[in-house]
Amino acid sequence: MTVLFVTGTGTEIGKTVTTAALAATALAQGRSVAVLKPAQTGVGADEPGDVAEVERLAGAVTTAELGRFPEPLAPATAAARAGMTPVLPQDVAEAAAKLAASHDLVLVEGAGGLLVRFDGSGGTLADAARLADAPVLVVAPAGLGTLNATALTALALRSYGLDCPGVIVGSWPATPDLASRCNLTDLPDAAGAPLLGAIPEGAGSLPPPAFRAAAPDWLAPRLGGTDAFRLPA
């Protein structure tokens with residue numbers, strides 16, 4: 001995979017830390033990595049956004065944003081309220097292709113979920129991934145409610161003709177409840193795709209060297225992780 005889109009079943013579920021883990025793992029293998037954030041919302045002009053957080057945790061990645069909007073809203077709404085030009089799906093596909101020409105891996109981190117609107121015409125991350133002809137990795141929460149949201153995201157991916165290599169739990173709790181433990185078994189059925197990783201709760205608070213050393217063990221070999229990868233018990 002030269003270009004990989006990263007989406008989630010919702011917001012604030014660990015997409016950025018997951019993207020950082022993917023980037024750190026690829027960098028550890030000697031691959032060059034670019035991280036593209038099509039639309040950054042809720043962050044001021046001089047404040048660090050998601051790509052800066054990925055760079056802080058993962059290391060020397062190329063970072064790019066296509067649009068930054070100050071209010072923490074869906075990209076289309078945030079752009080309209082700010083009177084700014086929205087990001088279009090074709091902008092995302094073109095930027096990803098340009099980065100792919102000079103990098104081994106391009107990670108495109110979406111905003112919110114798969115069908116959150118980028119523009120007034122209804123363009124979404126799914127449209128961008130289809131134009132880019134790229135697979136879409138799904139990040140999901142661990143607990144109660146995740147099966148329905150994951151199944152709906154997977155259904156949407158199939159309706160767009162998009163490949164989903166798998167699902168990652170974006171924040172695996174230190175003390176998982178019964179629903180979380182059962183979901184490890186049930187998520188692959190809900191997604192129609194394998195469970196390819198589990199990022200420990202609080203991973204983003206680790207010192208960057210510790211994060212980089214541990215990241216490959218959080219991911220399955222299909223995503224560049226180590227043979228030591230095991231899903232949580």
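Summary of computed values
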{"quantity": "Region 151-178: number of residues that are part of a strand (DSSP E or B) and open to solvent by 20 Å² or more (accessible area, probe 1.4 Å)", "calculated": "2"}
{"quantity": "Of all residues making up region 179-194, the number that are open to solvent by less than 20 Å² (accessible area, probe 1.4 Å) and closer than 22 Å to LEU107 by Cβ", "calculated": "3"}
{"quantity": "Residue within region 103-111 that is more than 14 Å from the chain's Cα centre (by Cα) and outside any loop (DSSP other than H, G, I, E, B) present", "calculated": "no"}
{"quantity": "Positions within region 50-86 being free of Cβ contacts under 8 Å to residues at least 60 places away in the same chain, under 15 Å from ALA23 (Cβ atoms) and not hydroxyl-bearing (Ser, Thr, Tyr), in sequence order", "calculated": "ASP50, VAL51, ALA52, VAL54, GLU55, ALA60, VAL61, ALA64"}
{"quantity": "Selection from region 201-232 of residues that are touching a helix residue (DSSP H, G or I) at 6+ places or on another chain (Cβ under 8 Å) and either without any contact (Cβ under 8 Å) to a residue 60 or more places away in the chain or in a loop (DSSP other than H, G, I, E, B) (or both)", "calculated": "LEU206, ALA214, GLY224, GLY225, THR226, ASP227, ALA228, PHE229, LEU231, PRO232"}
{"quantity": "Residues of region 134-150 satisfying the condition of being part of a loop (DSSP other than H, G, I, E, B) and either without any contact (Cβ under 8 Å) to a residue 60 or more places away in the chain or within 12 Å of VAL169 (Cβ to Cβ) (or both)", "calculated": "PRO141, ALA142, GLY143, LEU144, GLY145"}
{"quantity": "So THR63, is it surrounded by fewer than 21 Cβ atoms within 10 Å (Cβ to Cβ), in contact with a helix residue (DSSP H, G or I) (Cβ under 6 Å, 6 or more places away or on another chain) and assigned to a strand (DSSP E or B)", "calculated": "yes"}
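Let's see how each residue does on (1) small (Gly, Ala, Ser); (2) touching an Asp or Glu at 6+ places or on another chain (Cβ under 8 Å); (3) under 22 Å from GLY225 (Cβ atoms):
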site: LYS15; (1), (2), (3): no, yes, yes
site: GLY44; (1), (2), (3): yes, no, no
site: GLU47; (1), (2), (3): no, no, no
site: LEU88; (1), (2), (3): no, yes, no
site: VAL92; (1), (2), (3): no, no, no
site: LEU99; (1), (2), (3): no, no, no
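The values are calculated or read from the model by the stated rules, or taken from the named source; none is laboratory data. As the structure is a computational prediction, the values presented were derived from the model and not from experiment. Cβ atoms come from the backbone with ideal geometry, glycine included; neighbour counts cover every protein chain shown. Just so you know, the surface numbers come from the protein's heavy atoms only, side chains and all, with ligands and any DNA or RNA stripped out. Shrake-Rupley method; radii C 1.70, N 1.55, O 1.52, S 1.80 Å.
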